[in-house]
Amino acid sequence: YVAAVYEHESILSPTPAALVERRSALELMGRNLDIYEQQVLAAARQGAQIIVFPEDGIHGFNFTRSSIYPYLDFVPHSHSGKWNPCREPYLFNDTEVVQRLSCMALKNKIFLVANLGTKQPCERTDPRCPSDGRYQFNTNVAFAADGTLLATYRKHNLYFEYALDTPPEPDYSFFDTPFAGKFGMFTCFDILFFEPAVNLIRQYNLKQIVYPAAWMNQLPLLSAVEFQQAFATAFNVNILAANIHHPTLGMTGSGIYTPVKSFIYHNMESYGGKLIVAEIPVISTDYKTNLEKTPGRVSEKVKEQSLPSFYAEMMYDNFTFVPVWGEKGEVQVCASTLCCYLNYRRAVLTDELYALGVFDGLHTVHGTYYVQACALVKCGGLSFSSCGQEVTDATALIDFQLWGNMSTSYIFPLLLTSGITLDFADHMGWKNNYYFLSKNRTSSGLLTAALYGRWYEKD
């Protein structure tokens, strides 16, 4: 099927904390929706059957609870699949944004997924009801090609979104299409957690995901395109990921991903939006992941090494590292129960410092979640203290096999190359209680090769 995602540079309110009338909120959102309209038309002309827009694309961010209120539409959560906002605009009040999105889908005969702020009044008798008498949600909406509202999803894992509420229970949201079956739906930070993302995919055996995001890149392990790709590979799904474009905030990185191929956009240099359209195969639901059966040599023990280990902060976590020196070798590094092993050979010796790092613990900055990571990274400079820094360019081409005795089965294989480009492993999977990732000759200089494990039970 043909899919489209749009990385949108949203027109933002210069004063998001100011209280405004609904009319001026609609005026600002209308300017973003005008851009959406052009992009839907462009995508449809290229044969796209579905288009996905980013999180916060219509209204922006940095609101307070009261200042966001005029920007919120009313969207009935349980009404999905029975209401066509374009054809029945009179059913509910405050649905101007939803109506426009519905009409775009209808006019261009395309499935459409967008993110907006929504409101829902609540009763004082509801113990969770906020003191102002309403819930405010970060919401995705999905429309059919005839404009019908098919599904809504309210973001569960909020990221410093103090203006918004978490729904009482996680939404498991998906919708059906004639061209690729069911699509699951979640938002941005959700991708790092078991609920609802992992549970949704497993429970409903989903193979296609739509994913609006407003993601701030964090190298070396959580760049948007790097993690989106790893997620598609780990769960053997297609992901249509639309991110916001605001380079000054570190926001860029969208793509259409299959487990073996990616069509991505990552651009920190220039401004303006970007439409990506790609034809990808439908993954059938009976397709099983082949991770169990991959060949690979895993040597249990690495010979004794006299390499110095050192500590450095990476992604706000205290990693234990060993340097990766010379043309070839085998190294290992351990922290608590996790040991990481690396076999490597450099195609050309460059004067770049690489290190193998391990972290097994609770990550506590900008969210709390348990990580088990084995990571081969290029350091920022030649000193040990530069390891773990954000690096975007590298020249070293390295053949490697990386493995670790991970305690969780949820491993995201990261492979990021120079200029924030992606590569794919030759082999990966489990072999006698070790998860491994191997690659002969990266396509360009290696930035990061990592096993990023999420141990959800220990969150």
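The values are calculated or read from the model by the stated rules, or taken from the named source; none is laboratory data. Everything quoted here is computed from the prediction, not taken from an experiment. Cβ coordinates were reconstructed from backbone atoms using ideal geometry, including for glycine residues, and neighbour counts include every protein chain displayed. SASA here: full protein model, heavy atoms, side chains in, ligands and nucleic acids out. Shrake-Rupley method; radii C 1.70, N 1.55, O 1.52, S 1.80 Å.
Numbers for the structure displayed
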{"item": "Criterion: over 30 Å from residue 178 (Cβ atoms) and within 23 Å of the chain's Cα centre (by Cα) - qualifying residue of 12, 28, 19, 72", "result": "12"}
{"item": "Residue check, residue 81 touching a residue at least 24 places away in the same chain (Cβ under 8 Å) and farther than 28 Å from residue 159 by Cβ", "result": "yes"}
{"item": "Restricting the range 387-414 to residues that are without any contact (Cβ under 8 Å) to a residue 60 or more places away in the chain and either among the hydrophobic types (A, V, I, L, M, F, W, C) or open to solvent by less than 20 Å² (accessible area, probe 1.4 Å) (or both), the residue that is nearest to residue 432 (Cα to Cα)", "result": "408"}
{"item": "Exclusive hit being without any contact (Cβ under 8 Å) to a residue 12 or more places away in the chain, over 22 Å from residue 255 (Cα atoms), in the same structural domain as residue 178 (by the TED database) and in a helix (DSSP H, G or I), set 88, 27", "result": "27"}
{"item": "Test: residue in the range 68-90 that is over 17 Å from residue 143 (Cβ atoms), polar (S, T, N, Q) and surrounded by fewer than 21 Cβ atoms within 10 Å (Cβ to Cβ)", "result": "no"}
{"item": "Residue count, the range 31-67 (criterion: open to solvent by 10 Å² or more (accessible area, probe 1.4 Å) and in a helix (DSSP H, G or I))", "result": "10"}
{"item": "Pick from the range 251-269, criterion out of contact with any Phe, Trp or Tyr (no Cβ under 9 Å at 6 or more places or on another chain) and not acidic (Asp, Glu), ranking: nearest to residue 210 (Cα to Cα)", "result": "258"}
{"item": "Where residue 371 falls short, out of the listed (1) open to solvent by 10 Å² or more (accessible area, probe 1.4 Å); (2) closer than 12 Å to residue 318 by Cβ", "result": "(1)"}
{"item": "So residue 438, is it of a type in the set (S, T, N, Q), in contact with a Cys (Cβ under 9 Å, 6 or more places away or on another chain) and either at positive phi or open to solvent by less than 30 Å² (accessible area, probe 1.4 Å) (or both)", "result": "no"}
{"item": "Any hit, the range 284-303, residues being modelled with pLDDT of 95 or more and open to solvent by 20 Å² or more (accessible area, probe 1.4 Å)", "result": "no"}
{"item": "Pairs with Cβ under 6 Å, 6+ apart, first in the range 362-376 and among the β-branched types (Val, Ile, Thr), second open to solvent by less than 20 Å² (accessible area, probe 1.4 Å)", "result": "371/363"}
{"item": "Set 204, 211: member being crowded, with 22+ Cβ neighbours inside 10 Å and either touching a residue at least 60 places away in the same chain (Cβ under 8 Å) or not assigned by the TED database to the domain that holds residue 453 (or both)", "result": "211"}
{"item": "Of residues in the range 100-154 being without any contact (Cβ under 8 Å) to a residue 60 or more places away in the chain and among the β-branched types (Val, Ile, Thr), the one surrounded by the most Cβ atoms within 10 Å (Cβ to Cβ)", "result": "118"}
{"item": "Residue tally, condition open to solvent by less than 40 Å² (accessible area, probe 1.4 Å), assigned to a loop (DSSP other than H, G, I, E, B) and touching a Ser or Thr at 6+ places or on another chain (Cβ under 9 Å), over the range 260-272", "result": "1"}
